[in-house]
1. In terms of modelled amide H atoms, which long-range or inter-chain residues lie less than 5 Å from the amide H of B:Lys27?
2. Can you run phi through the Karplus equation (6.51, -1.76, 1.60; θ = phi - 60°) for the stretch B:88-99 and list ³J(HN,Hα) in whole Hz, with x for Gly and Pro?
3. Could you please state, rounded to a whole Å, how far the C-alpha centre of the stretch A:231-248 is from the C-alpha centre of the stretch B:201-226?
4. Quick check for me: using +1 on Lys/Arg Cβ and -1 on Asp/Glu Cβ, what's the dipole size of chain B about its Cα centre, in debye to the nearest 20?
5. Translational D (Stokes-Einstein, µm²/s) of the stretch B:317-412 at 25 °C and 0.890 mPa s when Rh comes from the Kirkwood sum over C-alpha pairs?
6. Can you give the accessible area buried between chains A and B, summed over both chains, with a 1.4 Å probe, in Å² to the nearest 100?
7. What is the diffusion coefficient of chain B in µm²/s, taking the Kirkwood radius over Cα pairs and the Stokes-Einstein relation at 10 °C with a viscosity of 1.306 mPa s?
8. Placing +1 on the Cβ of each Lys and Arg and -1 on the Cβ of each Asp and Glu in chain B, which of B:Ile225, B:Asn28, B:Ala280 has its Cα farthest towards the positive end of the resulting dipole?
2 protein chains.
Amino acid sequence: MKFPDATSAEIDQAMLSAAEAFTVFRKNNLRERAVYLRTIAAHLDRRKDVLIETAHRETHLDKDRLDVEWTRTLFQLRSYADACEQGAWLDIRIDTAVNQEPRQPDLRKMLVPLGPVVVFGASNFPFAYSTAGGDTACALAAGCPVILKAHPAHAETSEGVAEAVRTAAAECGLPEGIFTHLHGASFDVGKVLVEHSLTAAVGFTGSLEGGRALADLAAARERPIPVFAEMGSINPVFLLPTELARNTGALAEKLAISITQSAGQFCTNPGVLVAIEGPALESFREALAFRIAGVAPAEMLHPGIAKNFQHRRADVLEREGVSVVGTLSCPVGRNESIPTLAEVAADKFLADKSLRGEVFGPFSLLVRCRDAAQMQAVAESLDGQLTCTLIATPDEAGAQPALLDALQRSCGRFIFNGVPTGVRVALAMHHGGPYPATTDSRFTAVGADGIRRFARPVCYQDFPESLLPPELADANALGLWRTINGQLTQEATSPE
Amino acid sequence: MKFPDATSAEIDQAMLSAAEAFTVFRKNNLRERAVYLRTIAAHLDRRKDVLIETAHRETHLDKDRLDVEWTRTLFQLRSYADACEQGAWLDIRIDTAVNQEPRQPDLRKMLVPLGPVVVFGASNFPFAYSTAGGDTACALAAGCPVILKAHPAHAETSEGVAEAVRTAAAECGLPEGIFTHLHGASFDVGKVLVEHSLTAAVGFTGSLEGGRALADLAAARERPIPVFAEMGSINPVFLLPTELARNTGALAEKLAISITQSAGQFCTNPGVLVAIEGPALESFREALAFRIAGVAPAEMLHPGIAKNFQHRRADVLEREGVSVVGTLSCPVGRNESIPTLAEVAADKFLADKSLRGEVFGPFSLLVRCRDAAQMQAVAESLDGQLTCTLIATPDEAGAQPALLDALQRSCGRFIFNGVPTGVRVALAMHHGGPYPATTDSRFTAVGADGIRRFARPVCYQDFPESLLPPELADANALGLWRTINGQLTQEATSPE
């Protein structure tokens with residue numbers, strides 16, 4: 001094997017180095033962390049062409065798509081650097097002393113880093129959610145060293161990215177243990193990493209089975225640790241009749257692209273479409289089937305993903321009441337996708353839980369509802385989702401408050417007249433959702449609020465000014481936003 | 001039995017009512033939730049004398065202490081109501097659309113309630129951390145119905161408080177399922193509650209064994225849920241030589257009170273004192289032993305707590321190298337505490353993990369260190385703590401950065417020249433800490449930030465103004481602080 005799995009001894013060494021690096025890095029100031037993230041971006045940029053070439057060869061993702069992902073990765077590093085430095089994520093609160101009887105002490109609280117974070121590279125995002133991706137950037141911004149387990153399907157890409165991260169660390173004068181890159185095709189490497197006593201938290205993007213297995217290991221530790229596993233979902237799209245009739249062709253086009261781009265290998269891929277019987281649905285169904293059947297097959301990320309797609313697709317198509325509406329008529333290669341639109345009546349969908357599971361790839365199931373009441377029942381049957389989408393005119397949406405409620409309750413992001421793929425990197429993004437979409441619906445994997453996953457509050461009580469971290473000192477030399485005695489302000493503190 | 005355990009059918013009914021109430025309550029506005037909390041406080045206040053009398057009879061806590069706890073409970077309800085209404089906890093972020101190619105959608109994010117919350121009453125705080133205590137107030141402020149399991153040691157007090165909470169709900173026109181009061185002396189009731197499919201989160205204050213058992217059940221569910229268990233700790237106090245010499249008598253007095261008040265039945269009770277050999281330690285040891293030996297025995301909360309205290313105390317006193325420095329010389333009653341100061345050399349303390357466990361009650365172990373290096377080793381050996389305390393002059397503290405680091409890393413609250421008991425209710429408080437102090441160091445059980453335990457973010461993408469919750473609408477009619485395009489502001493939104 002070109003990249004042999006890390007041994008237990010290597011893992012132990014990596015964790016010890018990370019723990020040692022943490023003693024230094026946790027005290028680096030926000031600016032130093034931000035400079036490190038920007039330096040990583042700069043070193044990556046010099047390797048762009050080679051890395052995109054390597055990633056293309058390893059993942060079969062086309063270069064245009066990889067180019068977009070590359071830009072996103074650098075934007076994440078730089079925008080999280082800005083957010084790190086701006087310091088809003090520290091959630092600073094100061095309540096000054098009240099010097100009456102009984103005296104109330106001076107309290108000053110901010111977030112501090114958790115410790116060494118283990119990050120698992122994602123198969124479908126070799127740049128943006130892997131080696132120097134969102135989890136790594138957030139952990140470093142929080143002040144945590146990272147131990148990165150490369151995804152075996154793009155191990156060489158990962159090596160190249162890791163080199164940039166390490167070079168940047170050296171240039172910034174940071175200890176080596178700040179970032180360690182390990183390989184591990186076997187589940188055992190992940191298990192040893194998650195169970196290691198020095199691991200403080202885990203970031204993971206992948207399958208429900210994989211994420212849940214890691215979360216279970218973490219929960220069973222003597223000292224349990226948080227696992228942020230983003231495990232995907234079926235991202236249902238609910239299409240209401242007026243908008244569907246008004247906009248049939250454009251919707252079919254937009255959804256066909258969303259379902260099939262990058263061989264459907266997105267965790268926000270729309271796996272279920274829900275609509276009400278009628279002429280608008282018939283036209284939409286036909287237009288969408290035509291478009292999906294016209295998409296060429298594509299090599300999937302790796303043989304395991306392709307096998308799983310083919311298996312899950314066949315399984316759904318064999319369920320009672322499910323039929324194919326549009327798919328390829330030509331033969332496909334062994335590791336290729338088969339873009340597919342299937343359909344099923346809502347009664348069958350409601351009765352068969354297995355239809356609510358994810359088929360990772362270019363596949364979507366159209367659920368045909370008798371009426372609005374049955375659509376409501378479908379909405380209420382949903383498991384936790386990363387996203388729910390409503391296609392509707394504002395008027396018809398406003399007339400269905402119960403439907404809006406049910407959709408909002410099951411998702412982390414609620415989209416109006418859009419498609420779930422295409423996740424904007426911004427503070428207001430929430431890329432998370434109730435289980436099984438993620439293991440912790442309270443935190444996001446995209447956007448600078450993701451930094452908070454790897455931090456916890458510490459409150460300093462009655463500390464003398466000279467011993468306080470600068471973020472909490474009276475002067476507020478860093479100009480941070482702080483909540484002082486209940487009021488948000490960028491002013492200095494004036495104790496009573 | 002006066003208050004029989006809830007049956008599975010009763011629990012099921014309670015959860016169904018709570019889930020139904022949730023569909024209404026989650027949409028109540030912040031002001032309505034705040035009014036409910038204030039109405040609970042008002043109804044409680046009318047029952048004050050009777051409830052303090054009942055609690056005194058059930059818990060043996062003295063009335064002055066219960067009076068202080070009463071005031072705290074009402075302050076919590078009212079101050080969390082204010083925080084709820086002020087809405088900073090919603091963490092609102094808005095990133096308006098960018099209408100260039102590729103278009104970036106409009107994103108608006110806020111916290112929404114998780115769903116029905118199961119709260120376990122705490123034995124040691126019949127008011128402030130039980131029926132209408134901190135967890136209940138936070139869950140209601142977040143918009144979650146509460147299913148309260150009364151602590152069997154003060155079931156009648158709990159009934160009386162619950163009546164006030166229910167009366168207030170009726171007065172506010174809220175559905176009955178908003179608050180359900182159940183009894184359960186057996187662990188099975190808790191188990192059924194935590195495993196119930198409609199339970200969304202759990203609040204618990206109690207022992208490590210109890211909290212961990214509930215967290216394990218929650219993690220093993222088909223759909224895991226968060227458990228916020230505050231499980232106590234040994235709250236070490238590190239005494240540096242100069243301050244100890246400068247202030248010996250006052251420190252001994254302050255610590256003796258902190259160790260023995262309310263029979264030491266506080267989760268922030270200082271269970272370990274760490275100091276360096278020398279004349280100052282000798283004087284302090286003598287003064288503290290004298291004071292502790294002079295404290296009268298007191299009836300503990302319930303026979304189980306008393307038995308556990310006596311057992312754990314005896315266990316520690318039997319360990320190699322541990323000896324008693326000061327304790328009662330008179331006989332004590334069956335369920336009474338025995339205020340005790342013991343001591344041990346630091347080598348023995350470091351070698352014997354069992355000495356780092358909590359003895360819940362008026363007990364503290366003085367750890368005698370040869371020198372500063374050994375004190376550092378003790379600091380680094382600590383498990384996660386709710387609090388660490390440093391007694392020092394600012395100069396001698398400043399000269400020991402490694403000690404400050406080690407203490408900060410193990411605790412949620414870091415106290416300078418104070419005692420850990422006495423937890424100020426304020427936004428800047430953090431009452432939490434690394435495991436085993438709590439199951440989730442990222443959240444607090446005291447202060448209005450505790451509201452966020454019971455909420456998760458939802459992001460609305462490209463929603464028309466008419467369908468947005470008022471908190472996220474352009475106008476900002478509620479005058480909330482919102483981060484718009486990266487800037488904190490109370491202004492309205494002006495989309496691009």
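1. Sorted by chain and number, the residues that satisfy this come to none at all.
2. 4, 5, 5, 6, 6, 10, 10, 10, 6, 4, 10, 8
3. Each part's Cα centre sits 38 Å from the other's.
4. Here chain B has a charge dipole of around 260 debye.
5. D, rounded to a whole number, is 163 µm²/s.
6. 6300 Å²
7. Numbers: Rh = 24.1 Å.
Calculated translational D: 66 µm²/s.
8. B:Ala280
The values are calculated or read from the model by the stated rules, or taken from the named source; none is laboratory data. No experiment lies behind these values; they were computed from the predicted model shown. Cβ: placed from backbone, ideal geometry, glycine included. Neighbour counts: every protein chain shown. When the accessible area is computed, the model is the full protein with side chains, heavy atoms only, and any ligands, DNA or RNA have been set aside. Shrake-Rupley method; radii C 1.70, N 1.55, O 1.52, S 1.80 Å.
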